[in-house]
Amino acid sequence: MKKQGSYKTNCPVSYKDLKIVVVDYLDFDNNIKKGSLIVHKKISKKVQMIFDELLKIGYNIERIEPIYNYQADDYISIKHNNSSAFNCRKIATTNKWSNHAYGLAIDINPLQNPFVSKDGKVTHKGSVNYIQRHKNKKTLHDKAMIDKDSHVVKIFQKYGFKWGGNWKSVKDYQHFEHPKFYK
């Protein structure tokens, strides 16, 4: 993490408080794969249980790799539809640490579940078809869309996470975050 740039010396969380959680997941070819998420150690067991349940319900995830495989660059990671967690970064256009910087946030299938700005825009052209949440989910990519009635949302909420799709001003359909337990 340190060498690849996702952990920086000014990160708001100690390096020793982060843990790699290896999870099984169902990829977009319906193969069971192993992925790695870096999260705060205090939520690592919850994350393991969440992904066990996502596999059990047959929810497809294109890939799960640490953000450092993408030069710690969210844009590159999203372009590859990578689901990830820890990244020592600030919230875009602010000076405030993202919950990803604490290892307390996870993004799932970001192309199908984009961040949508107040004016309805997304940063990746591959996400344009997924701005509007729709119920007609025939393709595997459409089935990866997360909406308010999704089992994915219910599973994360069961373990104390909040979903960015419920935010009022912007929508971050890929984003699940655990409340901070320290300042």
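Please tell me which of these pairs span more than 27 angstrom C-alpha to C-alpha: K16/K56; K96/K162; K46/K171?
Exceeds cut-off: K16/K56.
Computed from the Cβ-Cβ distance with R0 of 35 Å, the FRET efficiency linking D149 to T9 stands at 0.25.
So for M49, M145, fewest C-beta neighbours within 10 Å to most, what's the order?
M49, M145
Apply the a/c threshold of 1.5 to the C-alpha gyration tensor of region 1-90 and tell me whether it is rounded, prolate or oblate. Oblate, because a/c is 1.5 or more while a/b does not exceed b/c.
Out of every Cα-Cα pair in region 15-177, what percent are more than 20 Å apart?
The share of Cα pairs beyond 20 Å in region 15-177 comes to 46 percent.
Each stretch of four or more DSSP H residues adds -39500 (n - 2.57); spread over every residue of the chain, this sum gives -4500 deg cm²/dmol at 222 nm. For a Förster distance of 25 Å, can you work out the FRET efficiency between the beta-carbons of K45 and A92, rounded to the nearest 0.05? E(calc), rounded to 0.05, equals 0.25.
Sort C11, C88 so that the residue with the fewest other Cβ atoms within 10 Å of its own Cβ comes first and the one with the most comes last.
C11, C88
Model label points for D142 and N30, set 7 angstrom from Cα along the Cα-to-Cβ axis, are 1.7 nm apart.
Between D17 and N69, the FRET efficiency estimated from the beta carbon spacing at R0 = 25 angstrom works out to 0.70.
A short reminder: the numbers here are calculations on the coordinates, not readings from a lab. Only a predicted model underlies this, so the values are computations on that prediction, with no experimental measurement involved. Backbone-built Cβ (ideal geometry, glycine too); neighbour counts: all protein chains shown.
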